[in-house]
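First the structure, in the form of structure tokens, and then the observations on it.
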Amino acid sequence: MSSKITRRQFAASAAAGAAIVAGVAPFNIVRAQPKALKIGSIHPRSGFQAQLGIACQRGIDIAPRVLKQLGMGADVEIMNADTESNVDIARSRAEKLINDGANVLIGAFDSGQSAAIAQVAEQKGVPYIINVAAAPQITEQGYKFVFRNFPTAPMLVGDGLNLMKAVFEKSGITPKTAVFMHVNDTFGQAMAGAIKAMAPRFNLPFQIVETIAYDPQAKDLSVEIAKAKATGAEMVMPVTRLNDAILMVREMVKQRWEPKIVMSPGAPGFYENQFYKTLGKFSNYLITNVPWYNPRSSITQKLLDEFTKSYKNELFELNVGFSFEAVMVAVDAFNRAKSTDGKALADAIRLTKIDNHVMAGGTLQFNEKGQNVNIKSVTLQNLDQRPKVVLPLDIAEDNLLLPMPSWSKR
């Protein structure tokens, strides 16, 4: 047999070798599934939103262990980045995570920061799974690599207003007037816009007599609370973050303002661990209508068990649950796509369909805009200095208690 190599044979051999070096398999070579999925976790770990970002991080850190227990195991490498509660830093950190090899991004709690990250992810062709952020415009841009497993502001408001009517019916207490107080950041403005547009359609039994906006980084809310108190409103509708929620309640106690009901249409603050630690007995009886974990879900119980082992003194809440689910979506897509290619992962995420999960609501899946529309809010009331589900009744943990007792009688 001749040992000579023809020009055609040499060219074919060289092409195959080049393909292997370049990471592109020739037709007769089956590519193995990548060993690890690199997830870029990008959250505010410092700055005024630090506590909330750290809570999200806890859900991400324990997710790989719980998923393996559920038979959804995969080798996952978590790459962490701190946005410092700043939109511009969020953008630059997202770029760095992608340049350092992140296959998927998860974050960022804050709507403004999430919108900036979404632009970077779309430009780079890297899937971005939003765990917490409600500004509706994020999923209205026609993005192909951005997915949100959290309700939009209109979804929050719609559920929140319906649950308000359920609270009135259950308690027998119906306020005639309300004051709406909200942070003036991207999230707060989105919520204010949704309430203004949607409230007239819900045939609410009360009138919003005043709307008061303020800076989420404010150090004092005495003027805002005095203005709200002067309205004589029977209900307060707050849209807060953590620090300002604490300031708000402290000032209400100080000024001895005692409305019948304090009920958020959907916002963080009242259910955060630091809120209870700081305010103690004054944290009780406040209400939040918000997406929450289903306490009766078997996956919730597994996640709660692992969380309690890892973080004995911390509170298991929605930031943990939605962050866990974001990792679950990424791992599920990775296992189906058998690839870390951005388009392959995005295509797989688009076909996500998970029936048994943590957060209350229907099947976890995304519509053509990348939005999960099946999430449902519940009514939480702070009882015994922790958040408890009081509505809907089929997953309730305790009974609704209204009107709020006087600050001086707690």
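Tabulated data for the structure shown
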item	result
Kirkwood Rh in Å, taken over all unlike Cα pairs in region 189-299	15.1 Å
When each of K165/K353; K196/K229; K144/K353; K343/K376; K219/K312; K260/K312 is checked by Cα-Cα distance, pairs over 25 Å	K165/K353; K343/K376; K219/K312; K260/K312
Cα-centred dipole magnitude for the chain, charges only on beta-carbon of K, R (+1) and D, E (-1), debye, nearest 20	720 debye
Fewest-first sequence of K35, K144, K68 by Cβ atoms within 10 Å of each Cβ	K35, K68, K144
Farthest positive-ward along the chain dipole, Cα basis, beta-carbon charges - from L400, L105, F334	F334
Residues L161, L393, L380, L401 arranged by fewest to most Cβ contacts within 10 Å	L393, L401, L161, L380
Extension gain (nm, one decimal) between I395 and K409, 0.36 nm per residue minus Cα-Cα	2.0 nm
Relative contact order %, the chain, counting alpha carbon pairs below 8 Å whose residues are six or more apart	17 percent
Of the GluC sites (Glu not before Pro) in region 312-377, those whose Cβ has at most 11 other Cβ within 10 Å and which sit in DSSP loop	E368
For region 317-389, alpha-carbon Rg relative to the globular expectation (2.2 N^0.38 Å, N residues)	1.32
Test item: Cα-centred dipole of region 268-326, Lys/Arg +1 and Asp/Glu -1 on Cβ, debye	200 debye
Principal-axis tilt of helix 50-69 within the chain, Cα atoms, nearest 10 degrees	50 degrees
Nearest-ten-degree value, helix 298-310 long axis tilted from longest Cα axis of the chain	90 degrees
Potential lengthening between T363 and Q69 on full extension [0.36 nm per residue; Cα-Cα distance subtracted]	103.8 nm
Estimated FRET transfer efficiency (A213, K165; beta-carbon r; R0 35 Å; 0.05)	0.90
Net length gained if the chain between K338 and Q301 were fully extended (0.36 nm per residue, minus Cα distance)	10.4 nm
Under 14 Å from the Cα of K176 - aspartates and glutamates, other chains or at least 8 residues apart	E210, E234
Residue-averaged 222 nm ellipticity for the chain, from DSSP H runs of 4+ at -39500 (n - 2.57), nearest 500	-13000 deg cm²/dmol
For region 90-146 versus region 147-167, the gap between their alpha-carbon centres in whole angstrom	23 Å
Shape of region 56-163, Cα gyration tensor, a/c cut at 1.5	oblate
Order of R336, R148, R241 under a 10 Å beta carbon neighbour criterion, fewest first	R336, R241, R148
Of all DSSP beta bridges in the chain, antiparallel share, percent nearest 5	30 percent
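Computed from the coordinates by the stated procedures, all read-outs in this text should not be read as laboratory data. In this text the structure is predicted, and so the values were computed from the model without any measurement. Positions of Cβ are generated from backbone atoms using ideal geometry, with glycine treated the same way; all protein chains shown enter the neighbour counts.
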